[in-house]
Amino acid sequence: MRFYEISNRLNFDYKLSHYLNPVQIIKTDHWFEQLEQGLNNLGIRYPIIITTNGNRNRLQLEQKFSSNFIFSNFGNNPNFSDCNNGIKFCENKSIDGVIAIGGGSAMDLAKVILAYLSSNETKIKKLINTKLEFPNKIPSIFLPTTHGTASEVTMWGTIWNIKEKKKYSISHPELYPDIAILDGNLTLTLPLDISIITVMDALSHSFEAIWNKNANKNSTKFAIISICSIISNIEKFKNQPSNLKLRNKLLEASTIAGLAFSNTKTAAAHSISYPLTIRYNIPHGVASSLSLLPLLKINGSFIKNELNNICKNLGLSYEELNACIANIPKHIIPFKLNLWGVKKNHINKLAEESFTKGRMDNNIVDLNINDVRDILYSIY
Ligand SMILES: [Fe+2]
């Protein structure tokens, strides 16, 4: 199913105009059949499968693919060393395609491997060059097992440099996957807390796409669809985390958020999140959403129409919308900086480190260090 079919299904009056996202999205209840078909269509015979150890076992991937071609030796938040291990794993193998099965970590790492296989460049800092040539572009199929990252429909991935305590992005138009397969069955075993963390990431992607200097009519419509779907399903989901229909809705909402921010990139909330993750290991979905409500307050008057649209669709007042967002992580994940071990006297330093070029400057309101410091204190 293509993305415009998703928006039709959501009864949103949407017209394709100047929108670019080349990923073919297939929604299914039978991910493996669709994967086999996709491999066939793309002419892939010897794929590398990049997945987590958990998915490798749960999905019995060794019964489906040769274990010599399954790479799962990496942790959360892939770092330079994980990337180097992945590149070494590919040596002396004739790989003609990439399959990523997992959350952000597996999919982001898969983009590094995809760049390496397509360019033959082995140095990570050269791989992340946006002007890198891809003379042997190989095809890829991505299957998200969480409903947050949306890496299945973007052309970038995040890599962390532990030594430098720095976040890097790999980004290249050739890194859009060819096919994204969405099957809620792949998300069913995700524990409730991680499920909520990934939903918060998707919510952050949507808001960031709206309060963004790069926003366009179409990205904003996608973002509004995603926010409305998340808010209207999340409380039911908390009571029924095994409900496949709800999982599919959240997965679809996450991908639609990806369709929004794939055209805008993220903004202040994500920029603020990076030092929180690298310094305090705060999971990405928490770090990227802790500042959502203070940013909504700051950015709100510049996105009045969009907020009105969201509130109207949901039948909520602006205050009720704020309350719904605040309620999502309540009693499930710690949602204050001090609960993640952040030291109060570290806030100045965190504020200084929050200004990632190409993210913070996308925010519709230009923030200075005092603004960010105030935001961090308000969520302490
Ligand atoms: Fe994110």
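Any read-out appearing in this document is the output of simple, stated calculations on the displayed coordinates, not a laboratory observation. In this text the structure is predicted, and so the values were computed from the model without any measurement. Here the Cβ is made from the backbone with ideal geometry for all residues, glycine too, and neighbour counts use every protein chain on show.
Annotations for the structure displayed:
- Cβ-placed point charges (K, R +1; D, E -1), dipole of the chain about Cα centre in debye, nearest 20: 560
- Summing charges over all other residues whose Cβ lies under 10 Å from the Cβ of ALA268, with Lys and Arg as +1 and Asp and Glu as -1, gives -3.
- When the listed pairs LYS166/LYS236; LYS64/LYS330; LYS111/LYS217; LYS125/LYS304 are checked against a 32 Å cut-off, the alpha-carbon distance exceeds it for LYS166/LYS236; LYS64/LYS330; LYS125/LYS304.
- Listed values for segment 341-349 are Karplus-derived 3J(HN,Hα) couplings in whole Hz (6.51 cos²θ - 1.76 cosθ + 1.60, θ = phi - 60°), namely x, 6, 8, 4, 6, 9, 5, 4, 5, and x replaces Gly and Pro.
- Distance between the 7 Å Cα→Cβ label points at LYS166 and LYS245: 5.0 nm.
- Equivalent ellipsoid, segment 30-182 (semi-axes from 5 times Cα gyration tensor eigenvalues, Å): 22, 17, 15
- Each residue of segment 307-317 was assigned a 3J(HN,Hα) from its phi angle through the Karplus curve 6.51 cos²θ - 1.76 cosθ + 1.60 (θ = phi - 60°); the sequence is 5, 4, 4, 4, 4, 5, 4, 8, x, 10, 7 Hz, with glycine and proline shown as x.
- Other residues lying with their Cβ under 13 Å from the Cβ of GLY358 contribute a combined charge of +3, Lys and Arg counting +1, Asp and Glu -1.
- Net charge dipole size for segment 241-380 [Lys, Arg +1 and Asp, Glu -1 on Cβ; Debye, nearest 20]: 380
- Each of GLN60 and SER317 was given a label point 7 Å from its Cα along the Cα-to-Cβ line. The distance between the two points is 5.5 nm.
- Projecting the Cα atoms of ILE369, PHE335, LEU276 onto the charge dipole of the chain (Cβ charges, centred on the Cα centre) puts ILE369 farthest toward the positive pole.
- The calculated FRET efficiency for LYS123 paired with SER67, based on their beta-carbon distance and R0 = 22 Å, is about 0.20.
- Mean separation of Cα contacts under 8 Å (6+ apart) over length of segment 136-235, as relative contact order %: 27
- Under 5 Å between amide hydrogens, built in the peptide plane, is the criterion, and for LYS27 it picks out LEU182 among residues at least 5 positions away or on other chains.
- Part-to-part distance (alpha-carbon centres) for segment 247-264 and segment 136-214, which is given in Å: 9
- Sorted into 10 angstrom bins from 0, the C-alpha pair distances of segment 317-380 split as 18, 38, 39, 5 percent.
- Which of THR149, LEU117, CYS83, positive extreme of dipole for the chain (C-beta unit charges): CYS83
- Dipole of the chain, positive direction: furthest Cα of GLN37, TRP160, VAL199, with charges on the beta-carbon: TRP160
- In sequence order, segment 35-41 has phi-based couplings of 5, 4, 5, x, 4, 4, 4 Hz under the Karplus curve 6.51 cos²θ - 1.76 cosθ + 1.60, θ = phi - 60°, and Gly or Pro positions carry x.
- Relative frequency of Cα-Cα separations exceeding 28 Å in the chain, percent: 41
- Relative to the 2.2 N^0.38 Å rule of thumb, segment 192-378 has a C-alpha radius of gyration ratio of 0.97.
- Amide H contacts of SER140 (H built 1.01 Å from N, under 5 Å, at least 5 apart or other chain): VAL98, ASP178, ILE179
- Relative contact order (%) - criterion: Cα under 8 Å, at least six apart; region: segment 192-378: 31
- The mean sequence separation of alpha-carbon pairs under 8 Å and at least six residues apart, normalised by the residue count of the chain, gives a relative contact order of 16 percent.
- Using the Cβ-Cβ distance between LEU339 and ASP29 with R0 set to 51 Å, the FRET efficiency from 1/(1 + (r/R0)^6) comes to roughly 0.85.
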